[in-house]
Amino acid sequence: MTNNRVLIFAGGRIDPALVQEIREDDYTIGADRGALFLVEHGIKPNLAVGDFDSVSEDELEIIRNNSRELTTCDALDKDLTDTELAFDLAIRLQPQEIILVGVLGTRMDHTLANIHILLRAVQHQIACSIWDEYNHITLTGTTAQVEDRGYTYVSLLPITPEVTGITLDGFLYPLDKATLKMGQSLAVSNKLIASTGTVKVESGWLLIIQSRD
C-alpha cells in the first residue's frame, strides 16, 4: 500500500487551522490524544494508535467508534513513544511524504525526540516535516528547497557535530561552503528574499527551521 502523504497528529500543541491542510487522499494517523483531536474536528483517522493513557475511557470509546482502525499497546510494556509507533507504521506505507503535527510542546524530551525522527525519514528517502502555527521544520543532508510559507525567519542548526559545505541562495544572509558546528548560532534568524531559497550541504545533517513569534 503506497500513499502520497501520511499525516500524523500527536498529542502536543495543535493549531485547529491545520486541519484545513488535510487532503482527501491523505492517510491520517492519530497518535494517542492526537486521534481525539482529529475526531473532535470532524476527521475520521485511518488509524488511531497508542497506549491512550492521556484520554479517558469515554474518550477512547469515541476514538474507537470514529476511527477506521485502532491499534492499542500497553502503556508500561513498550519501548517507543506513541509518536514513534505512529511513525513506524507510516514508514511501512512507503509514502512520498510524512507530515508530523502536534509533536512540539512543553515536554522538551518529546520535542527533541520528535525532531530527531526526521533523520529516520530521510534515511528511508521519505520527505518529512514538522508543522505547527509557529514552526515548519525539515532536515537535509544534501539540497533542499525552502518555500516561503509566511514564516518570518529561517534558521539552520546542525544535528551532527559538524555540517560542511553549506551554501545558501535566495537568502538575506548568504553562505558559501560554510561550516556550522553544534553550539554555533551563525545561521539563526536568516530571511528569505525570494519565493524559494536553496540550501546545499556537502556533509552532515542540517535542520531547516522556518519560524515566527
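Here's the yes/no breakdown for (1) closer than 17 Å to His110 by Cβ; (2) over 17 Å from the mean Cα position of the chain (by Cα); (3) not small (Gly, Ala, Ser):
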| position | (1), (2), (3) |
| --- | --- |
| Leu18 | no, no, yes |
| Glu24 | no, yes, yes |
| Ala31 | yes, no, no |
| Leu38 | no, no, yes |
| Pro45 | no, yes, yes |
| Phe52 | yes, yes, yes |
| Glu57 | no, yes, yes |
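Do we have any residue at all in the range 116-130 that's β-branched (Val, Ile, Thr), in contact with a helix residue (DSSP H, G or I) (Cβ under 6 Å, 6 or more places away or on another chain) and in contact (Cβ under 8 Å) with a residue 12 or more places away in the chain? Yes: the range 116-130 contains one or more residues that are β-branched (Val, Ile, Thr), in contact with a helix residue (DSSP H, G or I) (Cβ under 6 Å, 6 or more places away or on another chain) and in contact (Cβ under 8 Å) with a residue 12 or more places away in the chain. Close Cβ contacts (under 7 Å, 6 or more residues apart or on different chains) running from residues in the range 15-30 that are farther than 15 Å from Leu47 by Cα to residues that are among the aromatic types (Phe, Trp, Tyr) comprise Leu18/Trp131. The condition (being within 20 Å of Leu118 (Cβ to Cβ), under 21 Å from the mean Cα position of the chain (by Cα) and surrounded by 17 or more Cβ atoms within 10 Å (Cβ to Cβ)) is satisfied by just one residue among Arg13, Arg92, Arg5: Arg5. Considering only residues that are closer than 21 Å to Gly204 by Cβ and hydrophobic (A, V, I, L, M, F, W, C), which ones fall in the range 126-149? Within the range 126-149, Ile126, Ala127, Cys128, Ile130, Ile137, Leu139, Ala144, Val146 meet the criteria. Of all residues in the range 1-43, those being over 19 Å from Leu85 (Cα atoms), of a type outside the set (Val, Ile, Thr) and touching a strand residue (DSSP E or B) at 6+ places or on another chain (Cβ under 9 Å) number 6.
Return yes or no: is Phe37 at pLDDT below 95 and either more than 18 Å from Asp132 (Cα to Cα) or aromatic (Phe, Trp, Tyr) (or both)?
Working: at pLDDT below 95: no; either more than 18 Å from Asp132 (Cα to Cα) or aromatic (Phe, Trp, Tyr) (or both): yes.
Against the criterion (at pLDDT below 95 and either more than 18 Å from Asp132 (Cα to Cα) or aromatic (Phe, Trp, Tyr) (or both)), Phe37 does not qualify.
The values are calculated or read from the model by the stated rules, or taken from the named source; none is laboratory data. This is a predicted model, so every value here is computed, not measured. Cβ sites come from the backbone with ideal geometry, for glycine too, and all protein chains shown count toward neighbours.
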